[in-house]
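Report on the structure given below.
The values are calculated or read from the model by the stated rules, or taken from the named source; none is laboratory data. Not measured: the values here are computed from a predicted model. To get the accessible areas, we keep the full protein, side chains included, count just its heavy atoms, and leave off ligands, DNA and RNA. Shrake-Rupley method; radii C 1.70, N 1.55, O 1.52, S 1.80 Å.
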Amino acid sequence: MTLTAPAKPISPPRPPAVRRAWQKVSPYAYIAPFFTLFAAFGLFPLIYTAFVSLYRVELQTPGDMEWRGLDNYTALLSDEFFWTSLRNTFTIGVLSTVPQLVMALGLAHLLNYRLRGRTFLRTAMLLPYATSVAAATLVFAQLFGRDFGLINYVIGLVGIDPVDWQSGTVASQIAVSAIVIWRWTGYNALIYLAGMQSIPQELYEAAEMDGASRWRQFFHVTLPGLRPTIVFTVIVSTIGATQLFGEPLLFEGSISGGISHQYQTLGLYMYEQGWGFFHLGRAAAIAWVMFLLILVLVGVNALIARRRSRKEAGR
């Protein structure tokens, strides 16, 4: 009986050189459209705006550029309207962001229960977000009208004198903040709702077995589980508040943000400098100040959230 050597395993055929090359290049080809669009519409405008901010450029003669260095930035520091718009941006941001996120958290907690028609309620939450900012602002401008506005009519029923919502500093900022709150509360509520539904149900069952009430479950189970979502909404809302433009512009139709600039934000101030006074170099400098301000605010929010997480993890 003769023994035969075991047959050698047949190795799979090597792919052609073109296929091997494509396997190496294809991941970059798939992500190339994103980076191409980002470079064209994100990175290039950012760099070019920084370049323009170092020159004196007028809208009527954009080709005539005069080197100014950092003079556009130093001019901002000596402009009282810049500090007014910065203060207004901060005030309106706080007045709109804090109530908005608190209300969104409460609505999400309510919608997390099994309610009748909750699908309809969740859909209705997005209606303000889907509404045009122009349409919403024009409606709110009528509601906050001094002579025939519904808000003054309602507060007049309880004996309060009519409020000039467009001329008063605090009143106008409250009115603009109300538009922002109305538009974005439902959007943030759905984000919180999605975060709540990702929290394991076993945590609530264990807390209920330990005798925790609904409120204790909310503070000791829901809020810790929502911490990453809350940080996300705070950062996004901070960015949105810094870039606020449409609501204050359309509230009275003035790029100066009222007679005494009482609700002019940084976005309105940039628009006024660039397209009202035709100083494109100054407007570019304001845009970069806004960009750096957003980076600082986002960094502070992230740092506070990280320190809080480390502190609780060390307990």
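Give the Debye-formula value of log10 I(q)/I(0) at each listed q (0.12, 0.15 Å⁻¹), with one equal scatterer per alpha carbon of region 171-279, two decimals each. Once normalised to I(0) and log-transformed, intensities are -0.59, -0.74. May I ask for the Kirkwood hydrodynamic radius of the chain, worked out over all distinct Cα pairs and given in angstroms to one decimal? About 24.0 Å for the chain. Shown for the chain are the DSSP H helices of 27 Å or more along their axis, judged by Cα atoms, with a mean Kyte-Doolittle hydropathy of at least -1.0: 17-38, 80-111, 169-197, 280-313. The shape of region 74-205 can be summarised by an equivalent ellipsoid whose semi-axes, obtained from the alpha carbon gyration tensor, come to 33, 22, 13 Å from longest to shortest. Residue order by solvent-accessible surface for HIS220, HIS261, HIS279 is HIS220, HIS279, HIS261, largest first, with ligands and nucleic acids left out and a 1.4 Å probe. When the alpha carbon coordinates of region 189-235 are projected onto the principal axes, the ranges are 35, 15, 14 Å, largest first.
Largest first, what is the accessible-area ranking of TRP165, TRP182, TRP215 with a 1.4 Å probe?
Values: TRP165 35, TRP182 100, TRP215 175 Å².
If we order TRP165, TRP182, TRP215 from most to least accessible, we get TRP215, TRP182, TRP165.
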